[in-house]
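I have placed the structure first, in the form of structure tokens, so that the comments after it can refer back to it.
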Amino acid sequence: MDYQARRRYTAVVDVKDLNSEYPYDMQIYNIPPTGELSLEEFQELGFDRLKMLRLMETTSCRGDLKTLEDRKKALCESLKSDGLIYYANLLLANGSNPQSEEHSQIRRKDHISHFILRLVYCHDVELTKWFTKQEVEFFKFRFSSLDKKGVEHMLNINNLDCIPISPDEKSELKNELSLSSGKVTNIDITDIYKVPFEKVIDLVRGRKVYLKGGMAYITHMDLSFVFISYFKENLIAGLERAKILYGNISDDERLTKYLTGLPSAFSGMARVVWSTTATPIDKLNDLSKTSYPLCMRTLHEALQTNSHLRNSGRMQYGLFLKGIGVTLEDALRFWRDAFLKKTDGAEFDKKYAYSIRHYFGKEGKQTNYTPFGCQKIISSSVGPGEYHGCPFRHMDRDSLAQKLTSCGVFASNMTEILDLAKDAQYHIACAKYFEVMHNKPASKPLLHPNAYFAESRLLLTDNDDNKDVDNKEKLFQNSVGTPGTLSSRKSDKYSTPSRNTEFAGTPKRNDRYVTPTRNTSAIGTPSTKEQPTNYKTPKRNKMTPVNIAEMLNDDDFTEFMDIDQSE
């Protein structure tokens with residue numbers, strides 16, 4: 001039987017049709033896309049948009065960017081450096097809506113990629129919240145770039161209940177409008193709109209708007225609240241519809257495998273943070289007070305108090321310890337001693353030792369598991385008597401306040417952290433906690449507990465280097481196999497492995513990126529300030545955290561993170 005190769009089909013979109021279908025720079029995504037596109041383009045568009053949203057998340061968590069314009073500028077630079085120039089163009093589009101093939105293609109990619117990720121993030125509640133938050137934030141950034149004409153276009157095409165008031169009504173309410181519009185210096189030349197008050201509930205909550213007869217009177221500068229509320233409302237409803245539509249493609253294994261695996265494509269950027277230093281377990285109590293994120297400090301203190309942690313807590317804390325340089329031998333000794341009050345050595349070896357060796361890659365499938373990232377920790381379920389998860393996410397306000405107080409956070413800073421946690425700004429709450437505990441903000445976004453620890457150690461050892469060694473005693477981590485000087489660390493570059501390089505899960509114990517074994521001759525750490533000590537701190541002997549994400553290209557990274565860590 002003769003077989004004839006099937007000719008590859010490529011959908012060609014007429015430019016005129018494309019211009020008529022995508023005439024505007026910004027979209028609310030009310031109407032799903034139609035037409036045909038190749039599987040390769042489908043995958044590429046989804047991948048690019050997820051990369052953009054991850055950059056959006058990273059930018060939003062940066063404590064050094066105080067204003068929206070600062071964050072938008074930083075995001076634009078990140079998008080350009082990552083090759084997402086068309087998203088940078090969308091970010092800065094002013095709404096003049098130029099009609100050209102290039103602009104129409106960019107708007108088409110924006111439209112299709114958004115709906116691809118709706119299919120990806122419509123199933124899980126926590127993932128849906130993350131997706132909604134990032135999309136709303138990106139919409140907010142884009143809306144801030146619109147000029148007056150661009151805003152008018154948005155009003156015309158979306159039929160919002162947003163009515164310009166007449167000059168007579170403005171004159172009648174001039175005093176009230178002047179008082180409620182704090183940033184407006186001259187109300188006479190300002191455009192005022194009235195909308196149903198539920199459309200601008202954030203302004204109502206902040207008492208920044210004049211209310212009359214169920215209508216809120218807002219300036220043109222506050223129209224963003226109307227559109228953001230409308231966009232979020234439509235997005236949430238659209239995600240519910242996406243759950244139903246997903247059934248139409250559930251039989252296509254090519255699509256379902258891609259859609260289910262896409263959220264983990266960049267998870268390693270926020271999860272894999274390995275230390276190249278060995279951490280002695282007798283220093284963990286001190287380190288928990290100076291360099292642990294609140295989630296790990298909570299687990300450590302619960303373990304000390306109860307002499308036990310349930311499986312989820314042991315896994316979360318155990319992998320964190322592994323990531324900061326605790327070896328398998330020390331981990332077994334640490335957990336055995338911690339459980340000693342309730343479990344003797346023989347029972348510990350029988351019930352718990354196997355699981356510890358398992359997540360070090362020495363048992364079962366010999367998968368060398370990586371520490372959990374913030375997103376996994378935040379989305380975990382926490383039951384009664386369990387201490388894992390994210391305190392900013394899973395503790396109620398009173399319990400969180402009590403925990404922050406025990407950690408030495410004063411009331412002046414506590415209110416801000418509690419409010420951030422209440423508003424589901426968990427990463428920013430953690431960043432603020434870092435700033436309070438170190439009297440200095442982190443130099444980079446903290447999206448992983450081990451990244452928090454690494455940033456803390458670098459900051460504290462930097463502070464030690466600037467002090468007199470003879471007059472100040474230090475708390476530091478032993479450096480093993482770390483370049484000796486700052487300049488050597490900065491010049492130490494890792495090349496990206498080729499596709500033939502063997503990366504199956506986390507690097508094996510004989511790889512160069514793995515946590516080394518303890519050096520028994522290494523210098524220890526003074527336990528308290530009052531105790532005399534003869535220890536000397538090397539001037540530049542600091543830990544160098546290694547982020548595996550920086551060593552891999554996108555294809556390698558997807559393959560690298562293919563391991564199911566839920567086992």
- Query: Out of (1) open to solvent by 10 Å² or more (accessible area, probe 1.4 Å); (2) at positive phi, what's the single condition that is false for GLY389?
  - Reply: (1)
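Let's see how each residue does on (1) in a loop (DSSP other than H, G, I, E, B); (2) open to solvent by 10 Å² or more (accessible area, probe 1.4 Å); (3) in contact (Cβ under 8 Å) with a residue 60 or more places away in the chain; (4) under 29 Å from LEU245 (Cβ atoms):
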site	(1), (2), (3), (4)
GLU44	no, yes, no, yes
LEU53	no, no, yes, yes
LYS72	no, yes, yes, no
LEU75	no, no, yes, no
GLY83	yes, yes, no, no
ILE106	no, yes, no, yes
SER113	no, no, yes, yes
ILE116	no, no, yes, yes
- helices (runs of 4 or more DSSP H) contained entirely in segment 371-441, each with at least 1 residues that are closer than 27 Å to LEU321 by Cβ and touching a His at 6+ places or on another chain (Cβ under 7 Å): 374-378
- Residues satisfying the stated conditions in segment 1-42, i.e. part of a loop (DSSP other than H, G, I, E, B), modelled with pLDDT of 75 or more and over 28 Å from the mean Cα position of the chain (by Cα): TYR22, PRO23, TYR24, ILE31, PRO33, THR34, GLY35, GLU36, LEU37, SER38
- Item | Qualifying residue in segment 350-359 (condition: closer than 24 Å to CYS430 by Cα, polar (S, T, N, Q), in contact (Cβ under 8 Å) with a residue 40 or more places away in the chain and part of a helix (DSSP H, G or I)) | no
- Item | Residues located in segment 325-351, provided they are surrounded by 19 or more Cβ atoms within 10 Å (Cβ to Cβ) and of a type in the set (Asp, Glu) | ASP330
- Task: Could you list all residues from segment 199-215 that are without any contact (Cβ under 8 Å) to a residue 12 or more places away in the chain and either of a type in the set (Asp, Glu) or more than 15 Å from SER181 (Cα to Cα) (or both)?
- Result: GLY213
- Here are some conditions: (1) crowded, with 19+ Cβ neighbours inside 10 Å; (2) closer than 17 Å to TYR317 by Cβ; (3) at pLDDT below 90. LEU420 meets all but one. Which one does it not meet? (2)
- Message: I need the full set of residues from segment 367-386 which are surrounded by 23 or more Cβ atoms within 10 Å (Cβ to Cβ) and of a type in the set (Ser, Thr, Tyr), in order please.
- Response: THR370
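The values are calculated or read from the model by the stated rules, or taken from the named source; none is laboratory data. Please read these numbers as outputs of a predicted model, since none were measured by experiment. Every residue, glycine among them, receives a Cβ derived from its backbone with ideal geometry; neighbour counts consider all protein chains shown. These area figures cover heavy atoms from the full protein model, side chains too; ligands, DNA and RNA do not enter into them. Shrake-Rupley method; radii C 1.70, N 1.55, O 1.52, S 1.80 Å.
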